[in-house]
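The values are calculated or read from the model by the stated rules, or taken from the named source; none is laboratory data. A quick note: this is a predicted structure, and the numbers were derived from the prediction, not measured. Note that we place each Cβ from the backbone using ideal geometry, even for glycine, and neighbour counts take in every protein chain shown.
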Amino acid sequence: MTPFRIDESFARWGELLDLILASFAYMDGRIDPPSSAIRLTTESLMEKAKAEIAYAVENAGRLVGCIFLRAETDCLYVGKLAVLPSAQGTGIGRRLLAVAEETALDLGLPALRLETRIELVGNHATFAAWGFEKTAEKSHPGFSRVTFIEMKKVLAG
């Protein structure tokens, strides 16, 4: 299960959207504000893939994981890391993050950055186990309480 780059030849946008929605479904009713994933469409995913660096993983012909990456001034932002619930715990997320690390180093960026919702403490623990450290607590516009944390992983180059 080697990640492959999503490029202009990719045609499985509906399947990719279904993968992301299935992966993020457990957040429904747990996080406020709701995940931006619920506003995705096949068209917006196509645009996102043009503006960012995207990878997917398939197993037995089925998409089982994806990641979207965006270069920033001093890091590579990791977004929409998604693994089908039935495939979680099999190393797909770790492999996608390894591709993110390789991409960051190729771009000369010294770190990965991600955001995860404050309520999702299991995600915080998983990312910490993968070498990320909490760097900030932030709020979505219109919220006076902390709604997400920022985590970074400094890369050995």
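Under the condition of being touching a Gly at 6+ places or on another chain (Cβ under 9 Å) and surrounded by fewer than 21 Cβ atoms within 10 Å (Cβ to Cβ), which residue from the range 65-86 is nearest to Asp18 (Cα to Cα)? If we take residues in the range 65-86 being touching a Gly at 6+ places or on another chain (Cβ under 9 Å) and surrounded by fewer than 21 Cβ atoms within 10 Å (Cβ to Cβ), then Leu84 is nearest to Asp18 (Cα to Cα).
Each row is one residue, and each column tells you yes or no for (1) part of a helix (DSSP H, G or I); (2) at pLDDT below 95; (3) aliphatic (A, V, I, L, M); (4) loosely packed, with under 14 Cβ neighbours inside 10 Å.
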site: Thr2; (1), (2), (3), (4): no, yes, no, yes
site: Asp7; (1), (2), (3), (4): no, yes, no, yes
site: Leu19; (1), (2), (3), (4): yes, no, yes, no
site: Gly29; (1), (2), (3), (4): no, yes, no, yes
site: Lys50; (1), (2), (3), (4): yes, yes, no, yes
site: Tyr55; (1), (2), (3), (4): no, no, no, no
site: Leu63; (1), (2), (3), (4): no, no, yes, no
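One residue stands out among those in the range 113-157 that are of a type in the set (S, T, N, Q) and not in a strand (DSSP E or B): the one that is surrounded by the fewest Cβ atoms within 10 Å (Cβ to Cβ), which is Ser144. Ala87 falls short of the stated requirement of being under 12 Å from the mean Cα position of the chain (by Cα) and not β-branched (Val, Ile, Thr). Can you confirm whether Asp74 is over 13 Å from the mean Cα position of the chain (by Cα), over 22 Å from Asn123 (Cβ atoms) and either touching a residue at least 12 places away in the same chain (Cβ under 8 Å) or not in a loop (DSSP other than H, G, I, E, B) (or both)? The answer is yes for Asp74. Looking across the range 19-55, the residues that are in contact with an Asp or Glu (Cβ under 9 Å, 6 or more places away or on another chain) and not acidic (Asp, Glu) come down to Met27, Arg30, Ile31, Pro34, Ser35, Ile38, Ala49, Lys50, Ala54.
Listed by first and then second residue, the pairs linking a residue in the range 53-69 that is over 17 Å from Lys80 (Cβ atoms) and among the β-branched types (Val, Ile, Thr) to a residue that is part of a strand (DSSP E or B) and at pLDDT 95 or above, with Cβ atoms under 7 Å apart and 6 or more places separating them unless they lie on different chains, form an empty list.
Taking the range 31-48 as the range and being crowded, with 17+ Cβ neighbours inside 10 Å and in a loop (DSSP other than H, G, I, E, B) as the test, the residues that pass are Ile31, Ser35, Leu40. Counting residues in the range 90-98 that are among the polar types (S, T, N, Q) and exposed (fewer than 15 other Cβ atoms within 10 Å of the Cβ) gives zero. In the set Leu105, Leu96, only one residue is over 14 Å from the mean Cα position of the chain (by Cα), at pLDDT 95 or above and either not in a helix (DSSP H, G or I) or not small (Gly, Ala, Ser) (or both); that residue is Leu105.
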